[in-house]
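Quick note: the coordinates plus some simple rules give every number you see, no bench work behind them. Bear in mind the structure is a predicted one, so any value in this text is a computation, not a measurement. Virtual Cβ from ideal backbone geometry, glycine too; neighbours counted across all protein chains shown.
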Amino acid sequence: MKYRPEIDGLRAIAVVPVILFHAGFESFRAEYLGVDIFFVISGYLITTILIDDISNDRFSIVNFYERRARRIIPALFFVMLACIPFAWMWMFPAQMKGFTDSVMAVSFFVSNILFWFESGYFEAASELKPLLHTWSLAVEEQYYILFPIILVLIWRFGQSLVFWIIAVFALTSYTLGEWGWRADESARFYLAPARAWELLAGSLVAIFSHQNGSKSSNLLSALGFIAIVSVIFAGNKNASFPSLDALIIVAGVVLVILYAGPGTLVAKALGVKPLVGIGLISYSAYLWHQPLFAFAKIRLMEKPSDFLMLCLSLSSLVLAYGSWRFIEAPFRDRQKVSRKSIFRFSLLGTVVFVAFGISGHNSKGFETRMPDSVAAIQTEGKAASPKCLRGQFDECKFGATDEPHEIVLIGDSHAGRYALGLKDIFQAGNASFYAFVAPWCAPLLDCIATVNINNHECSPNMTETLIDVSQDEKIKVVILAAEWSNYTTGYRHESKHTAYSFADGQNFSAKGNAAQFKMSMKATLELLLDRGKKVVLIDPTPEYDYHVTNTLAKSALYTGVPQTKAISFDDYFERNREFFNAISGLTHPMLIKISVANMLCDSENCKPYNADGLPLYSDDNHLSILGLNRVAKHIYQAAKP
């Protein structure tokens, strides 16, 4: 196969924005678009090699997997090995257990499936997973388990028919992705069936080029290049995969590969030495960047500065050059490393990493590594929340379950935490309550939410639940709890992660949230109070811009003193200003307001830990059992019919 330097230049265009985006420079729309480029390139190159081998009757599945092993495994295993000492020093048991699970999954190239299973509302932050980026390698290797065999089997039917068969496969895969993001957004992102169309697009280019020879067009190659660059810098940052952006960027890569022949402007631009150089080390650069970023964030007490992240980005390129020169290149040289040696190396590495992974999983992340003080913080800060879905109230009854249900708790994940805190108190008082908990859903009429990680619509389920509860004569008390400031501002801690609408649901923008929230709150309370329900309205919980449990544990581990920064009452009220404005004029004999801040804060500040340095929160906004114990008894007293 003739070497094309512009392909390496294209790899550089893919990997640099990915690194900078993950470093926090969000001018780049590269969360997955860089990977899209890699997939198309990979499909093209591998299929070109396969076609050449098949056409010349020298195809061997053993040779194929040998090439893949030489290309992928040595650098990957080296980076994984380099991660282990830092994970051992800096990761807490829950993080370490997740890391060891990922080490096993990566060894078998199924990490995409693991991360799909782990995705969810209370999942560990993706930016703290050193091997998260290996999902794309898993997708590729799963593709290459089947594709060579399929290509050999259908090649006898002629190239024209092969092209259309693969085109049908690509269309099917794209359709699965389109359906998948509506049914399960994390599945369409991580799983190979929804991603294969990008690799198949590269395969189609290879077949077309084999049939028609190389082409050159300044116009078409420039159009493809412009499409790639424009989407990376100006794409829709909230688009779900597969999006129009993904289609455009895949089409752009196809045009560049097809028409950026020698002498074209795009080939000259992509063939400059700096880009080609980065392209040559792009695989190692991709491997190094995520562990560097993740371990920096795990180790530091504060969020890493932009300068540090830029330095780490440059470091990933330096490390990439080293691993390319001293690991990738030697292992790809058959004169230096024989077939038997590469297979033995791959098997031995897999055995070692799987053994490490099993040990970490069974020991719960080697939890005995931690000092007792750190272990106590981690234990008290464990997250838990019931999953109470509409239509499953029988599974969400708490307290003395034989008693008639007169109390209902409704809200988002904060209500879920209160359910855990209240269950023992209700049990002791021979009382019970039902809970309806829906993450990211305010317990208000006509609240519609769009969440980037889990697109869903709260209404009509929440609206129907409130109406049903208001009409149920057996229910005497309704407790409403939520992370209220999410719904007035449309985001948490300036992350722009979520947008809400309380009107017609056509414009998911936070601009009108405050006014719409006030109307929805008023309507919801009137609905319940007019039906004779006692309403217990729980004020917002103070929130922090860091993970409380992990930060306390880091402080205890590194300094011996578990402490974190507090927030002032002024900060608390500013964050929740619109909530308090919305309820300030709402009074009723059957409306009881519970001030959480008064139970968690002193006269000036709110500290997320108690006098013993143990966390009152399990993350940045959800209360731990210790925190719930401060609040739950007051809610119980207010809620008793």
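Tabulated values for the structure
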read-out	value
Computed lengthening from residue 82 to residue 53, 0.36 nm per intervening residue step minus Cα-Cα distance	6.8 nm
Under 21 Å between alpha carbons - lysine pairs in region 5-365 that sit 8 or more apart or on different chains	7
Around residue 74: net Lys/Arg minus Asp/Glu count, Cβ-Cβ under 11 Å	+2
Cut-off under 5 Å, modelled amide H: who pairs with residue 609 long-range	616
Förster-model FRET efficiency, 60 Å R0, residue 321 and residue 473, C-beta, rounded to 0.05	0.25
Residue 333 paired with residue 523, simple spin-label distance in nm, labels 7 Å along Cα-to-beta-carbon	7.2 nm
Estimated FRET transfer efficiency when R0 is 30 angstrom, pair residue 273-residue 491 (beta carbons, to 0.05)	0.10
Difference of contour (0.36 nm per residue) and Cα-Cα distance, residue 461 to residue 153	105.9 nm
Taking only Cα atoms of region 5-365, radius of gyration then Dmax in Å	20.0, 61
Extension reserve of the residue 602-residue 265 stretch, reckoned as 0.36 nm per residue once the Cα distance is removed	114.6 nm
Hypothetical label at residue 167: residues of region 43-75 whose amide nitrogen lies under 20 Å (7 Å Cα-Cβ projection)	43-45, 47-48, 51
Amide H partners (placed H, <5 Å) of residue 476, local residues excluded	407
Percent antiparallel among DSSP beta bridges (both partners in the chain, rounded to 5)	40 percent
Label-point separation, residue 344 to residue 305 (7 Å along Cα→Cβ), nm	5.0 nm
Spin-label proximity, residue 595 to region 608-632 - amide N less than 16 Å from point 7 Å beyond Cα toward beta carbon	631
Dimensionless Rg/Rh of the chain - Kirkwood Rh, Rg from C-alpha atoms	1.02
